[in-house]
């Protein structure tokens, strides 16, 4: 759903709309423009209170900053950071901040310049409208996300859930003994962030680090941790991610170890809990 512009005079229920961005890029003598059509993901960089007043009702103005992330589909261009001011009742400030934090990474799109112009087009961000009444009643009580599993499930139960869980098709591959991600992981991250942001009903996802013969459990754990940290850096709520390390089955005494399987040097994501 494309968001609507915020009426600056509204002080009660309003959508957090982040639209319309204009900026110059050179003069009429230029033959090429830096700006172009672009789409990808934008991550929340900051929410800053820049003004507050008591009249006509106690209200605040927040400046919201989102940063477009590099997209390999547009190697020569990434839009600059996007800023928007929103005005709302002072009593709703924390609810609005919490709402924005839950939209740490969102899909965004920059329209192309008008024909013959170097002025960038409109930037739109896909954010669920902010409703103070709904936000005030949706604050969870008790453990939420992966904390529900960590507080209630035993290790055997988690392993059983892993076996039956839906697995996302995106994978992260590694070199022998390494937990360093390659450049090709960018596409998988973009895809996963989009899916996780579009599925708030998925409360807990296992980030499963795996190894092949000759690698330690610590390597599996490091791989899972690296992928989790990368997803969190792109705006995924860390409380929805649970790192799990697994190794290949142990072979018996006197048995020859099985050959190394490069396909097991990976991290996959599996759904553990959804509403």
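I'd like the full set of residues that are surrounded by fewer than 17 Cβ atoms within 10 Å (Cβ to Cβ), out of contact with any strand residue (DSSP E or B) (no Cβ under 6 Å at 6 or more places or on another chain) and within 19 Å of residue 107 (Cβ to Cβ), limited to segment 195-214. Matches in segment 195-214: 195, 198, 199, 200.
On the given criteria, is residue 64 at pLDDT 90 or above, outside the structural domain of residue 199 (by TED's automatic domain parsing), crowded, with 17+ Cβ neighbours inside 10 Å and closer than 21 Å to residue 235 by Cβ?
Values: at pLDDT 90 or above: yes; outside the structural domain of residue 199 (by TED's automatic domain parsing): yes; crowded, with 17+ Cβ neighbours inside 10 Å: yes; closer than 21 Å to residue 235 by Cβ: yes.
The answer is yes for residue 64.
When we screen 119, 124, 141, 154 for residues that are modelled with pLDDT under 85 and either in contact with a helix residue (DSSP H, G or I) (Cβ under 6 Å, 6 or more places away or on another chain) or under 30 Å from residue 51 (Cα atoms) (or both), the only hit is 119.
For segment 71-97, a residue qualifies if it is within 22 Å of residue 185 (Cα to Cα) and either free of Cβ contacts under 8 Å to residues at least 60 places away in the same chain or not assigned by TED's automatic domain parsing to the domain that holds residue 108 (or both), and the qualifying residues are 73, 74, 75, 76, 77, 78, 79. Residues of segment 91-102 include none that is in a strand (DSSP E or B) and surrounded by 19 or more Cβ atoms within 10 Å (Cβ to Cβ).
Every residue, every condition in (1) closer than 15 Å to residue 171 by Cα; (2) modelled with pLDDT under 85, yes or no:
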site	(1), (2)
193	yes, no
197	no, yes
200	no, yes
205	yes, no
226	yes, no
240	no, no
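The values are calculated or read from the model by the stated rules, or taken from the named source; none is laboratory data. None of the values given here were measured: they were computed from a predicted structure. Please note: Cβ atoms are built from the backbone with ideal geometry, for glycine as well, and neighbour counts cover all protein chains shown.
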